[in-house]
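Read-outs: derived from the displayed coordinates by stated rules, not from any lab. Please read all numbers here as calculations on a predicted model, not as lab measurements. Here the Cβ positions follow ideal geometry from the backbone for every residue, glycine too, while neighbour counts run over all protein chains shown.
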Amino acid sequence: MPIKKILVVDDSPTDRQFLLEGLSKLGFQVVLAESGEQGIAKAKSEKPDLVLMDVVMPGTNGFQATRQIARDEATKNIPVIMCTSKSQETDRIWGMRQGAKDYVVKPINITELAAKIAALA
């Protein structure tokens, strides 16, 4: 399935803008969410082809939001890539256990991210 629409879930306006610009230039339609709760809601309403999920956010964190998206009947087929500053191997393993398909450490390299997106398509 080709990936056209990407939901970016990140509480940092700078990171959201960076991903919006970088992914838009590559031809993706980008939808933004500022929190884990908003990300879960938008995953259901927008039906994106992919979710890029930050981990460290107030309220519902990225691990919790990924788990909910991966286990909800309405959203379980939407792949999630964790995009986070948490660089420990244990964080990566935990993210994958929550249902993430891949894990990218910030600062994000758009070319590297595009390759990971292409690999999921």
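Rounded to whole numbers, the Karplus 3J(HN,Hα) couplings from phi for the range 81-90 are 10, 6, 10, 8, 7, 6, 9, 6, 4, 5 Hz, using 6.51 cos²θ - 1.76 cosθ + 1.60 with θ = phi - 60°, and x at Gly and Pro.
Full extension of the chain between Lys116 and Val56 gives 19.5 nm of extra length, using 0.36 nm per residue less the Cα-Cα distance.
Across the range 113-118, coupling constants 3J(HN,Hα) worked out from phi with the 6.51/-1.76/1.60 Karplus curve, θ = phi - 60°, read 5, 4, 5, 5, 5, 4 Hz, and Gly and Pro carry x.
Extending 7 Å from the Cα toward the beta-carbon at both Lys25 and Ile3 defines two label points whose distance is 1.8 nm.
When the helices of the chain are scored as -39500 (n - 2.57) per DSSP H run of n ≥ 4 and the total is divided over every residue, the value at 222 nm lands at -13500 deg cm²/dmol. If you take the alpha carbon atoms of the range 63-121 and fit the smallest convex hull around them, that volume is 74 Å³ per residue.
A straight Cα-to-Cα reach below 14 Å connects Lys86 with the aspartates and glutamates Asp10, Asp54, Asp102, residues fewer than 8 places away in its own chain not being considered. Here the Karplus relation 6.51 cos²θ - 1.76 cosθ + 1.60, evaluated at θ = phi - 60°, turns the backbone of the range 58-69 into coupling constants of x, x, 5, 7, x, 5, 5, 5, 4, 4, 5, 5 Hz, with x for every Gly and Pro. Work through the residues other than Ser35 whose Cβ is under 12 Å from its Cβ and net out their charges, Lys, Arg +1 and Asp, Glu -1. Every neighbour counted, the sum reads -3.
Taking max minus min of the alpha-carbon positions on each principal axis, the chain gives extents of 31, 30, 26 Å, largest first. Residues of the range 95-114 falling in the label zone of Glu89, defined by backbone nitrogen less than 11 Å from a point 7 Å along Cα to beta-carbon, are absent. Over all other residues within a Cβ to Cβ distance under 13 Å of Gln98, the charged ones net out to +4, with Lys and Arg as +1 and Asp and Glu as -1.
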